[in-house]
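Below is one structure, written out as structure tokens; comments come after it.
Rule-based calculations on the coordinates, nothing more; no lab input. If you're wondering where the values come from, they're calculated on a predicted model, not measured in any experiment. Note that we place each Cβ from the backbone using ideal geometry, even for glycine, and neighbour counts take in every protein chain shown.
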Amino acid sequence: MNTRTQLMGGLFILALIPTAIWATQAKIQATSNSEDGGISVISKSVLSQSQPDFSWIYVQQDGEMTIGAGHSDDWEQLERQGNPYHADYLWVKTAGAHYVITDPAIVAQIKTAIMPMQQQGEKMQAIGEQLQQKGDAINSQTQQLLLNVATDKEDPKIQTEIDSLSASMDVLDQQMNELGKVHESLSNTAEKQIVSLAQAAIKAGAAIKAP
């Protein structure tokens, strides 16, 4: 392989890096974890898939919001007010009314419902970090390849390393796709359970009417 071919191959790989990293971030944006190993994020911008008129957000004792489904302005409002209840709670909006569920037993059930999704999200996070590292390595090697071309130096090892990194990224991306399918299924199951728990709490009078 001559220097020009190496250069074109390196540039092609470099062009693919942003796309690969963006895809990874898109897959794991719903899986960021709290400092205490807490709960994964379903969404901070869209409404519930199973209940389009039902929004909910899980708020931790320290005010951190790590999981939910609702409009961005709902998240912003709760972030501004902090956590006046000084305990983990579930915020709910349905039929235009706002509710807060602080009952420890119900909160515990919610945590149990989302645990499988959280664990799957952690696996995706780990794969995403590996993809990021390999993408950075490809970028570094490609930059070195360009520098070698500019100084009329050739190093076949660089292209070999780029090809190897690219192949390993393909394997990781495949793993990410499979994990993503399972995570989506777990997310849907968890969301249905949370909506059901919230609706039951509201019906039983265990939810506090919020402003």
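Observations on the structure shown:
- Alpha-carbon Debye profile of the stretch 53-211, log10 I(q)/I(0) at 0.09, 0.14 Å⁻¹: -0.48, -0.77
- Cα-based shape type of the stretch 76-163, given that a ≥ b ≥ c are square roots of the gyration tensor eigenvalues and the cut on a/c is 1.5: prolate
- FRET efficiency for residue 61 and residue 163, using Cβ-Cβ distance with R0 set to 45 Å, rounded to 0.05: 0.35
- Extension gain, residue 73 to residue 147: 0.36 nm times the residue separation minus the Cα-Cα distance gives 21.9 nm.
- In plain terms, the chain from residue 87 to residue 175 could stretch by 28.0 nm, reckoned as 0.36 nm per residue minus the Cα-Cα distance.
- Segment residue 115-residue 140, extension gain: residue separation times 0.36 nm, minus the distance between their alpha carbons: 5.2 nm
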